[in-house]
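Take a look at the structure below.
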Amino acid sequence: MKVGGSFMALYKKNFEKKEFPKLERGAKHYEMIAAEALENSIEHLNHAYGQKLCGAEGAVEYRDGGVYTYDNNGKRYLDCLGGYGIFNVGHRHPKVIEAVKNQLDQVCLHSQDLLNPWAAYLAKQLAAIAPGDLKYSFFCNSGTEAVEGAIKLARLYTGKTEIISTKNSYHGVSMGALSATGRDVFRKPFEPLLNGFVHVPFGDIDAIENAITKNTAAVILEPIQGEGGINLPPDGYLRKVRQLTQKKGVLLILDEVQTGMGRTGRMFACEHESVVPDILCLAKALGGGVMPIGAFMSTSKIWRVLEPNPSIHNSTFGGNPLACTAASACIEVLLEEHLPARAAMMGNLFTRKLKELQDLFPQYVADVRGRGLLIGLEFQTKEVREQVQVELFHRGVLVAATMNANRTVRIEPPLIITEAQVLLMIETLSGILQELKDAKVADITKKVKKRDRKKDKEKDRKRA
Ligand SMILES: Cc1ncc(COP(=O)(O)O)c(C=O)c1O
């Protein structure tokens, strides 16, 4: 077989072999790298990158560490977004990095045939920190897969098919998880989804009771709706759902993909109400901000249905040694550095300071809610939210809207955030709200939008 240029030519007509430009701090070719990143994103990822803030700003990620991420110009961003909740132990925590580097020199992906000591050890660690009698784990690669597996396990164990979920919930976008997700914008274009899913209002115990039938396998809930807008249910809701499901012989699946791993001030959010689910879903921060990994856990009693054919549910990459060592190191860091408790403490400070801003600027800030370092900052309008978000970006603070509530900004920084960093964010936000009041921000935003429109037109002209 012929290799080299002509081989390439045969299969990839326009393949042009080119070195990926080396990202050096302050490099002269920064503008070129940013322009190329934008062009490739528009041409080969999604045309919508042209409209995104990062596209308009040409901000290219260069390096990260701790609570910060940096662009190639040396601009530092205080990360109050936390990669949508993956950086609980911070960016590139040295202990996680070291564990993964060592693992790279030993075994990266597993043979699938021999015992995998890293997956087994991680499962043991999870059993030790998980609430109640959750003892067995299945490892996958993302949150949606964790939910997918949980739904299948619930159906397999109960022999029933119906799942009760909540309106405005977010459980992922693969077909099973999407069937549980409670927002039409994600669901409608892909219908018909799985049969047997019903969605009831979040926080309403009677609605769950009324929805339970003889064929209900499980109720699936986020303890706090993350993408729904950081929505907290009434106190005692989770406990009542647990009591109800137990009484009716229905399984309770808790999706702690976003709330887990210390985020809300306890290792798992269900601990706030001393609730033990039948199935627990994890992902995001589990990988220590270094590797992607998801998991669903359950009790030995429920897991027995997977014993006759252990590969009835499987994943080639799930439980790979690199991801498992990252997760094991992440758990150690969370415990050693007492990060769940730190999330509670810093979350209280953050929330208190944000509420002070709400009192000062009620014309802009509609609500502040959350638990630990999962905080929702709701603005009066989507436009104000956008303006504030853009200005925070300009001033070196990252935040983002929640997926199902576009007036709400989520604040979910690494749990290692310091008091000084919280106060810096508050000061920056306060400055923006004051300028907004003085109508200065409106001018700035108008200018930015005008510039973006000009850029877009130029790009469209080039494309044409
Ligand atoms: C509660 C919850 N479940 C599931 C998911 C899906 O996770 P992933 O994007 O890793 O598939 C998310 C993602 O935001 C989530 O917040």
* **Residue check for Ala405: within 16 Å of the ligand (Cβ to nearest atom) and either in contact (Cβ under 8 Å) with a residue 60 or more places away in the chain or more than 17 Å from the chain's Cα centre (by Cα) (or both)** => yes
* Structure fact -> Of Ser165, Ser111, Ser174, Ser137, the only residue that is crowded, with 21+ Cβ neighbours inside 10 Å, farther than 25 Å from Ser300 by Cβ and among the small types (Gly, Ala, Ser) is Ser165
* Take the residues in region 213-240 that are touching a helix residue (DSSP H, G or I) at 6+ places or on another chain (Cβ under 6 Å) and closer than 19 Å to Ile302 by Cα, then tell me which one is nearest to the ligand (Cβ to nearest atom). => Ile220
* Among Asn314, Asn348, which is in contact with a strand residue (DSSP E or B) (Cβ under 9 Å, 6 or more places away or on another chain) and of a type outside the set (A, V, I, L, M)? -> Asn314
* Which of the following residues is surrounded by fewer than 20 Cβ atoms within 10 Å (Cβ to Cβ) and under 18 Å from Gly90 (Cβ atoms): His338, His394, His313? -> His338
* Structure fact -> Only one of (1) more than 18 Å from Leu339 (Cβ to Cβ); (2) in the same structural domain as Ala420 (by TED's automatic domain parsing) does not apply to Val67, and that is (1)
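Conditions (1) of a type in the set (Val, Ile, Thr); (2) under 21 Å from Arg266 (Cβ atoms), marked per residue:
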{"residue": "Ala177", "(1), (2)": "no, no"}
{"residue": "Asn195", "(1), (2)": "no, no"}
{"residue": "Val198", "(1), (2)": "yes, no"}
{"residue": "Gly203", "(1), (2)": "no, yes"}
{"residue": "Ala207", "(1), (2)": "no, no"}
{"residue": "Ala211", "(1), (2)": "no, no"}
{"residue": "Ala217", "(1), (2)": "no, no"}
{"residue": "Ile230", "(1), (2)": "yes, yes"}
{"residue": "Lys240", "(1), (2)": "no, yes"}
* Asked: Inside region 55-143, counting only helices (runs of 4 or more DSSP H) that do not spill past its ends, which hold 1 or more residues that are in contact with an Asp or Glu (Cβ under 8 Å, 6 or more places away or on another chain), within 16 Å of the ligand (Cβ to nearest atom) and at pLDDT 95 or above?
  -> 82-85
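For every residue, the table says whether it meets (1) closer than 30 Å to Gly396 by Cα; (2) touching a Pro at 6+ places or on another chain (Cβ under 9 Å); (3) touching a residue at least 40 places away in the same chain (Cβ under 8 Å).
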| site | (1), (2), (3) |
| --- | --- |
| Asp64 | yes, no, no |
| Asn73 | yes, no, yes |
| Leu78 | yes, yes, yes |
| Gly90 | yes, yes, yes |
| Ser111 | no, no, no |
| Ala130 | no, no, yes |
| Asp133 | no, no, yes |
* Structure fact -> In region 270-310, anything in a helix (DSSP H, G or I) and touching a strand residue (DSSP E or B) at 6+ places or on another chain (Cβ under 6 Å) is listed as Cys270, Trp303
* **Members of region 243-263 that are of a type in the set (Lys, Arg) and either closer than 25 Å to Asn88 by Cβ or under 14 Å from the mean Cα position of the chain (by Cα) (or both)** => Arg263
* To do: Determine if region 255-272 includes at least one residue that is more than 20 Å from Phe87 (Cα to Cα) and of a type in the set (Val, Ile, Thr).
  => no
* To do: Tell me which residues, restricted to region 241-272, are among the basic types (Lys, Arg) and either away from the ligand (no atom under 12 Å from the Cβ) or in the same structural domain as Val399 (by TED's automatic domain parsing) (or both).
  => Arg242, Lys247, Lys248, Arg266
* Asked: Just wondering, is there one or more residues in region 150-161 that are touching a Lys or Arg at 6+ places or on another chain (Cβ under 9 Å), in the same structural domain as Gly196 (by TED's automatic domain parsing) and either without any contact (Cβ under 8 Å) to a residue 40 or more places away in the chain or not hydroxyl-bearing (Ser, Thr, Tyr) (or both)?
  -> yes
* Structure fact -> Looking across region 155-171 at residues that are part of a loop (DSSP other than H, G, I, E, B) and within 13 Å of the ligand (Cβ to nearest atom), the single one that is farthest from Gly260 (Cα to Cα) is Asn168
* Kindly indicate whether Gly132 is surrounded by fewer than 21 Cβ atoms within 10 Å (Cβ to Cβ) and more than 23 Å from Leu322 (Cα to Cα). => yes
* **Answer residue from region 307-319, given it is out of contact with any Phe, Trp or Tyr (no Cβ under 8 Å at 6 or more places or on another chain) and touching a residue at least 40 places away in the same chain (Cβ under 8 Å) and is nearest to the ligand (Cβ to nearest atom) among those** => Phe317
* Any residue in region 147-154 that is more than 14 Å from the ligand (Cβ to nearest atom), among the basic types (Lys, Arg) and either in a strand (DSSP E or B) or more than 26 Å from Met261 (Cβ to Cβ) (or both)? -> no
* To do: Answer yes or no: is there a residue in region 187-197 that is crowded, with 21+ Cβ neighbours inside 10 Å, over 24 Å from Ala405 (Cβ atoms) and either at pLDDT below 95 or over 24 Å from the mean Cα position of the chain (by Cα) (or both).
  => no
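The values are calculated or read from the model by the stated rules, or taken from the named source; none is laboratory data. The structure presented is a predicted model; accordingly, all values stated were derived computationally and were not measured. When we count neighbours, we look across all protein chains shown, and the Cβ atoms used for this are built from the backbone with ideal geometry, even at glycine.
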